[in-house]
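Everything on this sheet refers to the single structure shown next.
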Amino acid sequence: MKFRSLLLKNITRNKTRSSLAILGIAIGVATILGLGLVTNDLAESTQNALTADAADFSVVYGTTGGGGGQGGAPGGGSSPGGQQLINETKVTEIQQISGVSKAVGVLRTNVDLNDTSNSTSSTTSSSTTSDSDGNMGQGGQGALQMMYSVIGIDSSDLSLDDIVITNGTAFSSENEVIIGEMAAGSLNKTIGDTITISNQTFTIVGIYETGNFQDDSGVVMSLDKLQNLTGNTGMVSLILVKASNGTDATSLAETIEDTYSNELTTSTSLSGMDRMNNGLEVIESASWAVTLLTLLIGSIVVVVTMVKSVVERTREIGVLKAVGWTSKRILTMIIGESVVLSLLAAIVGIVIGVGVVEIISMAQIIPGIQPAFSPILFLEAFLVAILLGIIGGIYPAYRASKLSPTEALRYE
Amino acid sequence: MNNESNIIEIKNLKKGYDHGQTMALNGINLEIKKGEFVSLMGPSGSGKSTLLNMIGALDRADEGSIHVAGYNLMEKEDFSQFRSKEIGFIFQFHNLIPNLTVSENVQIPMLETDVADEEMVKRANKILESLNMGHRIDHLPTKLSGGERQRVAIGRALVNHPSIILADEPTGSLDSKTGDIILKILREIHQKENVTLILVTHEPYVAEMADRKINLMDGKIS
Ligand SMILES: Nc1ncnc2c1ncn2[C@@H]1O[C@H](COP(=O)(O)OP(=O)(O)OP(=O)(O)O)[C@@H](O)[C@H]1O
Ligand SMILES: [Mg+2]
């Protein structure tokens, strides 16, 4: 008989208890694995959207006192209804303010790209609502109609608006556009395809991601072109501002608001990147907390299971010592048993974890989650299990190995 | 050791429990020759099991000296190797491992030695055959009768070819007929293998079978 077959036989001895322990640890392993799969995915997509030089705040038309400050964050929210445009000269002016590293004008509009005959909705102050809900009602073409954002920005300033090209290149001529990942998916467009906006045909040269749902359902072209297209030459919807190093963005925003107190207001809400990073940090620390908790619970399960098993076998351990087993071998046996138990649990846990994550991603319970399976994650699951087995096994094994043989043999 | 033919030499051995309130052994002097068959009698609580445990190095005495098979058992070291090589324990209760087969139970003591896997199986089964248990090697102990279980326990005690067998009331849990079969087996082993046998019993007629009878009373030989 081999020592390892003894370990296996000892585990299958109390099947109910072992199964329960395996299930308990397996749920822990599954939780850790599931969290890993999901956070890996989140981290991956966020990484793509990480733009270190995104703008700190945006400047929109409005008075500081009344209803201002609701302007969309860079790459963020919808354009406010009744959007007032800003003259491009303001961009140059703001660029001159000390502490401004960069000021970039952006024109935004919404368009129904499914209906190619449709022209861009007006971006002038006369337009009524331009958020997607409003347009759906207005268009009256049924619920399937969907609005897409069209953003005009110079191709060298894309990063300021959190726009990251994931495929292809930026636009270099007036006839070229880049398309958001969501829009590319829903319109079934890819690089090389053409797209018609306001009766003009554009070639798609790149696909971008912002990490923001609304902006990802959009198209980006050069500022000049969008200004032409919408008849808004020399006008922008908002100005993205990045503070220079060492300048406090909040006080810079206040300075700008003071300078243009009757015209412009700023939106100092976090940039998309910051929001996403914060979110990811929260998720990551939460997943760490859950992981630690799971490890704790898992090792308690192992300890309880193995202590019970050792107590039950007290006499037997006395016999093992009487026939010449060393304390070390008894220690090895108990730790070995708990490691085998945990490894079995790891296999069960991986099956449960992958299954649950697959179901979640297939059922689209959390939209956009694509489990990031990696060999390292599975290796981690096994390492966690081995660790649990060893940590949880140490105390019961120590207890067993330190049993006095005479006491153990007298045990009833 | 003074006498080469003595496998066990015990002088003034004392062992107390509960901080000396119970003196389980209170000055034992005993010499046992190699190959001798000694029976140990005495009322309950007189220290028979305690003495056996001292000889088998399952516990350490408080005072005196004890030498067994060349080992000084008063040393503060681990005697698992000594037990593995020199001692075969047989208890009143078989203490077999219920989830292991008869053969595997007999192999357990060999896991601490460097005997190869197949050799373990061979040796265990050979001993079991000699104990008339050859047809039971793959059974679980729960399927066996009391006498059969005790035979497996004897097999386990013998498998490492010990020089001393310590049997603590091996027939205590058996009916007299089955008990007699076990005693017969033990005597045969003693004669054939020239193994030293110390047998604790409550039955005077069993004690009579031994080369020498020793009586214990309140932790002393009387
Ligand atoms: N581990 C222990 N802790 C406390 N007291 C003990 C312990 N082991 C033995 N004793 C005491 O030591 C004395 C001798 O016990 P021992 O078991 O050696 O007797 P015994 O002769 O084998 O008795 P029996 O015939 O009932 O088996 C008894 O009084 C017993 O209660
Ligand atoms: Mg006794």
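Using a 1.4 angstrom probe with every protein chain in place, what is the largest-first accessible-area order of A:Glu412, A:Glu337? Spell out each step's value before the answer.
On the way: A:Glu412 185, A:Glu337 5 Å².
Per-residue accessible area, sorted high to low, gives A:Glu412, A:Glu337.
Each part gets one Cα centre, and for the stretch A:165-188 versus the stretch A:213-262 those centres are 21 Å apart.
Using a 1.4 angstrom probe on the protein heavy atoms only, could you order A:Met221, B:Met41 from most to least accessible area? Don't jump to the answer; show the numbers that get you there.
Details: A:Met221 0, B:Met41 35 Å².
Descending order: B:Met41, A:Met221.
Placing a pseudo-label 7 Å from each Cα along the Cα-to-Cβ vector at A:Leu387 and B:Ser145 gives an inter-label distance of 5.6 nm. Model label sites at B:Ser173 and A:Asn188, defined 7 Å from Cα along the beta-carbon direction, differ in position by 7.8 nm. To the nearest 0.05, how large is the calculated FRET efficiency for B:Asp18 and A:Ser5 if R₀ is 60 Å and r is the Cβ-Cβ distance? For B:Asp18 and A:Ser5, the calculated efficiency is 0.90. Treating only the Cα positions of the stretch B:21-119 as identical point scatterers, give the base-10 log of I(q)/I(0) from the Debye formula at each q in 0.14 Å⁻¹. Summing over Cα pairs of the stretch B:21-119 leads to -0.69. Considering chain B at the alpha-carbon level, its Rg and Dmax are found to be 17.2, 50 Å. Averaged over the residues of A:326-333, the number of partner chain Cβ atoms lying within 10 Å of the residue Cβ comes to 2. A simple rule links phi to the HN-Hα coupling: the Karplus curve 6.51 cos²θ - 1.76 cosθ + 1.60 with θ = phi - 60°, which for the stretch A:288-305 gives 5, 4, 5, 4, 4, 4, 4, 4, 4, 4, x, 6, 5, 4, 5, 4, 4, 4 Hz, with x for Gly and Pro. Potential lengthening of the chain between A:Ser173 and A:Asn199 amounts to 7.6 nm, from the contour at 0.36 nm per residue minus the alpha-carbon distance. Could you pull out the longest piece of chain B with no exposed loop GluC sites (Glu not before Pro) in it, calling a site exposed if DSSP puts it outside H, G, I, E, B and it has at most 10 other Cβ atoms within 10 Å? Answer from the scan: B:76-222.
Note down the Stokes-Einstein diffusion coefficient of the stretch B:105-150 in µm²/s, whole number, using a Kirkwood radius over alpha carbon pairs, 37 °C, and 0.692 mPa s.
Details: Rh = 11.2 Å.
Translational D for this selection: 293 µm²/s.
Give me the Å³ per residue figure for the convex hull around the C-alpha atoms of the stretch A:161-277. Mind dumping the intermediate values first?
Values: hull volume 15.7 nm³, N = 117.
Enclosed volume per residue, from the Cα hull, is 134 Å³.
Across the stretch B:1-144, the mean sequence separation of Cα contacts (distance under 8 Å, 6 or more residues apart), normalised by length, yields a relative contact order of 19 percent. Applying the Karplus relation 6.51 cos²θ - 1.76 cosθ + 1.60 with θ = phi - 60° to the stretch A:21-33 yields 3J(HN,Hα) values of 4, 4, 4, x, 5, 4, 5, x, 4, 4, 4, 4, 5 Hz, where x marks Gly and Pro. The phi-based Karplus calculation (6.51 cos²θ - 1.76 cosθ + 1.60; θ = phi - 60°) puts the 3J(HN,Hα) values of the stretch B:177-194 at 5, 5, x, 5, 4, 4, 4, 4, 4, 5, 5, 4, 4, 4, 5, 6, 9, 6 Hz, whole numbers, x for Gly and Pro.
Ordered by 1.4 Å accessible area with all protein chains kept, B:Lys122, B:Lys33, A:Lys321 run largest first as B:Lys122, B:Lys33, A:Lys321.
Looking at the P(r) of the protein assembly as shown, how many percent of alpha-carbon pairs lie beyond 38 Å? In whole percent, the share of Cα-Cα pairs in the protein assembly as shown beyond 38 Å is 57. Fully extending the segment from A:Gln96 to A:Leu20, taken as 0.36 nm per residue of separation minus the present Cα-Cα distance, adds 20.4 nm. Between B:Ser5 and B:Tyr205, the C-beta separation translates, for a Förster distance of 35 Å, into a calculated FRET efficiency of about 0.80.
The values are calculated or read from the model by the stated rules, or taken from the named source; none is laboratory data. Note that the coordinates shown come from a computational prediction; the quantities given were computed from them, not determined experimentally. Cβ sites come from the backbone with ideal geometry, for glycine too, and all protein chains shown count toward neighbours. For accessibility, only protein heavy atoms count, side chains too; no ligands or nucleic acids. Shrake-Rupley method; radii C 1.70, N 1.55, O 1.52, S 1.80 Å.
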